[in-house]
Structure formats: structure tokens, C-alpha cells
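Enquirer: My structure is below; once you've seen it, I'll send some questions.
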Amino acid sequence: MTYSIEERTLHFKQPAGTSRGVYTTRTSWFVTLTEGERTGIGECAPLPDLSCDAIPGYAKVLDRFCAALCQTGVLDDEALRDYPSMRFGLETALLHLQRGERLFDNAFSRGEEGIPINGLVWMGNHEEMLQRMEEKLEKGFHCVKLKIGAIDFDQELDLVKRIRERFSFHEIQLRLDANGAFPFDEALYKLELLSQYAIHSIEQPIKQGQWALMAELCRESPLPIALDEELIGVNDPEMKGHMLNIIKPRYIILKPSLHGGMQGCREWITAAREHGIGSWITSALESNVGLDAIAQFAADVYGDGITMPQGLGTGQLFTDNIPMPLEIRGEKLWRCR
């Protein structure tokens with residue numbers, strides 16, 4: 001087995017705003033494994049200032065893991081635990097090499113079923129967010145996720161109110177993602193105001209790393225809380241269960257590039273089920289290479305006939321994405337072959 005690594009920068013069609021800042025580009029490293037006539041490609045896509053393995057000298061560390069894989073033929077799971085984006089890319093490349101484009105055999109990968117997804121509305125000013133919301137609704141989405149926390153909270157609250165005036169919770173499921181933007185001493189008050197509008201859940205209302213405060217918020221919140229950033233860097237299987245037992249969120253949201261690759265996400269899902277906690281899977285702004293692998297993985301984890309909308313609607317974000325057999329029809333992601 002041999003390998004090559006290509007670094008590539010993708011460009012967003014529109015600036016992607018979060019409470020942590022605005023993305024206009026994102027960099028991925030594509031690993032190609034070759035064995036005889038077969039090849040396998042995987043995407044390693046850390047997010048700056050968020051991924052636990054977004055480190056100086058990323059390419060050199062990745063090169064070392066690739067060399068070890070080609071020498072032994074197997075992934076060093078323990079060594080890769082703290083490098084989730086590299087682990088996910090290498091898992092994908094190895095599966096692609098071994099199984100071809102159908103990484104997992106399920107109804108989605110065979111093109112027989114679509115996966116329901118949420119529409120994503122990025123942060124912007126009030127009018128921009130309202131327009132983006134209108135566009136998602138016109139396309140037929142029944143579950144929409146709003147990024148909040150970057151503009152004035154009263155304007156965001158007004159946006160949610162205006163949405164609910166037009167569409168009841170029977171018509172549109174609203175998910176919110178605060179990306180840790182709320183100060184703890186304001187969080188409960190803001191959640192109470194938002195709870196008037198039949199919100200499905202809110203992701204990461206306060207910054208990660210405050211287990212006791214997040215546990216208190218989960219106990220007191222009138223809205224179901226989902227953990228996202230909180231999971232980053234918690235890579236030991238026992239610690240995963242320990243953290244969930246302390247915080248007791250309603251949901252966890254899993255991104256293979258951030259949360260331990262496919263293997264790490266399976267560990268999170270097992271721990272969550274043991275504690276009666278729900279989950280869904282989302283992409284982390286990967287190209288279509290990573291998105292295809294994540295979608296196939298989600299269908300493998302949750303089985304055929306997924307009903308919970310997943311966060312897999314990011315394939316149309318880039319001007320220079322890599323062509324893959326993925327297509328959004330209505331509110332579902334389909335694999336065309």
C-alpha cells in the first residue's frame with residue numbers, strides 16, 4: 001500500500017457566519033491510498049480554533065499516520081484517538097480502498113432511500129437571515145436549523161417569532177445553534193424567552209468545558225439542550241459516559257471529523273443510548289468527499305428508514321466542491337448511484 005496527500009482550499013459561496021467568526025474558505029487534506037489497481041480517498045478536514053487536532057504541522061503528523069498505515073495495513077486506533085479529523089479521513093480512505101464507493105451496504109448507499117436533513121440558516125443580519133429562512137421553506141424543508149448568537153438577541157428572538165407567526169410547530173421544526181454564545185448568567189433567561197416558540201432543541205448554549213454549569217442548565221432549561229462542542233477532545237470511552245452522566249443533555253450531535261472519527265462516534269452513540277440520550281449526525285463543512293462518507297455512515301449507524309433529520313445539507317456551500325453522486329431533493333439527501 002502507498003499513499004499521497006493533497007492539500008486543497010475550498011471557497012464558500014457566501015460567508016459562513018457563526019458566533020465564533022466567519023468562514024470564507026476552508027482547508028482539507030485528501031489522502032489517497034493505493035494498492036495494486038485499487039485506490040481509496042478520504043478527507044481530513046480540521047476546523048481552525050475548534051478541532052482538537054487543528055495543530056501546527058498538521059500535514060507532517062498526518063504524513064506520519066499515513067506511513068504507519070501503509071506499513072502495517074491497519075489503523076492505530078489508540079494513537080489516532082486525539083486526532084479525530086485524521087482518523088476520519090484515514091477510516092474513509094481505507095474503507096474506500098477495501099469496499100469501493102459503497103463504504104457501507106444500506107438503502108442510502110444503494111440509492112434506494114434518501115436521508116432527511118435539516119435546512120441550515122447561517123448567521124447574518126436580521127433581513128439576511130429572514131431571507132435565507134424563506135428560501136429553505138420554499139425548498140420544502142420541514143426542519144430548519146438557525147445559527148444564533150452573533151447579532152442582537154432581541155433581533156434573533158423577533159426572527160424566531162416571525163417564523164412561528166407564519167408556520168406552526170406542526171409545519172416547521174426549529175432547531176437553534178448558539179455555538180456557546182450565551183453567558184451563563186443570561187442563558188436561562190434567554191432559553192425561557194425562546195421556549196415560547198416551540199423550539200425542538202438548542203445546541204451548546206454556553207461555552208464548552210463548564211460541566212457543572214451545563215448540567216445545571218440542562219436541569220433547569222425549558223428547552224431541550226444538545227451538546228456539540230462539549231464533546232470535542234473527550235476521546236476516552238469511559239470519560240464519554242462519565243460526562244454524559246454528569247451533564248445529562250437531551251441530545252448529542254456528532255461530527256466524525258470533530259468527535260473521534262467513525263469509531264469515536266459509535267462510542268458516543270453507545271454511551272448516549274445507555275443514558276437515554278438521543279443523537280444525530282452532521283457534517284463539519286467538509287467537501288463532498290467527507291459528506292458522502294458521513295451520510296453513508298449515518299445510514300449505517302441508524303439503519304434504513306431514518307426519520308430524525310440529520311445535518312447533512314452542506315454539499316452546496318462551496319464554489320469549487322468536488323463532484324460526488326449526492327443530490328438534495330426536497331428535504332432529503334440522496335446518493336445517485
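The values are calculated or read from the model by the stated rules, or taken from the named source; none is laboratory data. Owing to the predicted nature of the structure, the values given are computational and were not obtained by experimental measurement. Every residue, glycine among them, receives a Cβ derived from its backbone with ideal geometry; neighbour counts consider all protein chains shown. Please note that ligands, DNA and RNA were not included when accessible areas were found on the heavy atoms of the full protein model with its side chains. Shrake-Rupley method; radii C 1.70, N 1.55, O 1.52, S 1.80 Å.
Enquirer: Which of the residues belonging to segment 49-87 are touching a Lys or Arg at 6+ places or on another chain (Cβ under 9 Å) and under 16 Å from residue 230 (Cα atoms)?
Expert: Those that are touching a Lys or Arg at 6+ places or on another chain (Cβ under 9 Å) and under 16 Å from residue 230 (Cα atoms): 49, 50, 53, 84.
Enquirer: A further question follows. Restrict the check to segment 299-322 and report whether at least one residue is within 20 Å of residue 13 (Cα to Cα) and open to solvent by 60 Å² or more (accessible area, probe 1.4 Å).
Expert: There is at least one residue in segment 299-322 that is within 20 Å of residue 13 (Cα to Cα) and open to solvent by 60 Å² or more (accessible area, probe 1.4 Å).
Enquirer: Determine, yes or no, whether residue 90 is under 17 Å from residue 289 (Cβ atoms), in a helix (DSSP H, G or I) and over 21 Å from the mean Cα position of the chain (by Cα). Reasoning before the result, please.
Expert: Working: under 17 Å from residue 289 (Cβ atoms): yes; in a helix (DSSP H, G or I): yes; over 21 Å from the mean Cα position of the chain (by Cα): no.
No: the conditions fail for residue 90.
Enquirer: A further question follows. If you check every pair at least six apart or on different chains, which have Cβ atoms under 6 Å apart with a residue in segment 263-280 that is under 22 Å from residue 74 (Cα atoms) first and a residue that is of a type in the set (Asp, Glu) and open to solvent by 30 Å² or more (accessible area, probe 1.4 Å) second?
Expert: Once the first residue is under 22 Å from residue 74 (Cα atoms) and sits in segment 263-280, no partner that is of a type in the set (Asp, Glu) and open to solvent by 30 Å² or more (accessible area, probe 1.4 Å) comes close enough.
Enquirer: Now for a different question. Could you say which residue among 201, 168 is among the polar types (S, T, N, Q), surrounded by 16 or more Cβ atoms within 10 Å (Cβ to Cβ) and either touching a strand residue (DSSP E or B) at 6+ places or on another chain (Cβ under 7 Å) or modelled with pLDDT under 95 (or both)?
Expert: Of 201, 168, the one residue that is among the polar types (S, T, N, Q), surrounded by 16 or more Cβ atoms within 10 Å (Cβ to Cβ) and either touching a strand residue (DSSP E or B) at 6+ places or on another chain (Cβ under 7 Å) or modelled with pLDDT under 95 (or both) is 201.
Enquirer: Would you please name the residue that is nearest to residue 270 (Cα to Cα), looking only at residues in segment 301-332 that are in contact with a Leu (Cβ under 8 Å, 6 or more places away or on another chain) and among the acidic types (Asp, Glu)?
Expert: 327
Enquirer: For a quick check of your reading of the model, give me the residue pairs whose first member lies in segment 140-169 and is farther than 14 Å from residue 190 by Cβ, whose second is surrounded by fewer than 17 Cβ atoms within 10 Å (Cβ to Cβ) and among the small types (Gly, Ala, Ser), with beta-carbon atoms closer than 7 Å and at least 6 apart or on different chains.
Expert: What qualifies is 140/330; 164/198; 169/198.
Enquirer: Being part of a helix (DSSP H, G or I), surrounded by 22 or more Cβ atoms within 10 Å (Cβ to Cβ) and within 21 Å of the chain's Cα centre (by Cα) is the requirement here; does residue 264 meet it?
Expert: Spelling it out, residue 264 is indeed part of a helix (DSSP H, G or I), surrounded by 22 or more Cβ atoms within 10 Å (Cβ to Cβ) and within 21 Å of the chain's Cα centre (by Cα).
Enquirer: Just need a number here: residues in segment 132-165 that are among the small types (Gly, Ala, Ser) and surrounded by 20 or more Cβ atoms within 10 Å (Cβ to Cβ).
Expert: Start the filter on segment 132-165 by keeping residues that are among the small types (Gly, Ala, Ser), which leaves 140, 149-150.
Now restrict to residues that are surrounded by 20 or more Cβ atoms within 10 Å (Cβ to Cβ): 149-150.
Qualifying residue count for the region: 2.
Enquirer: Further question on the same structure: Counting only residues that are part of a helix (DSSP H, G or I) and crowded, with 21+ Cβ neighbours inside 10 Å, how many does segment 48-84 have?
Expert: If we filter segment 48-84 for residues that are part of a helix (DSSP H, G or I), which is where we start, we get 58-72, 77-80, 84.
Adding the requirement that they be crowded, with 21+ Cβ neighbours inside 10 Å leaves 62, 65-66, 80, 84.
The qualifying residues number 5.
Enquirer: A further question follows. For residues in segment 98-131 being of a type in the set (A, V, I, L, M) and either open to solvent by less than 10 Å² (accessible area, probe 1.4 Å) or under 18 Å from the mean Cα position of the chain (by Cα) (or both), which is nearest to residue 236 (Cα to Cα)?
Expert: 103
Enquirer: How many residues are out of contact with any Gly (no Cβ under 7 Å at 6 or more places or on another chain) and either hydrophobic (A, V, I, L, M, F, W, C) or modelled with pLDDT of 90 or more (or both) if we restrict to segment 114-142?
Expert: 9
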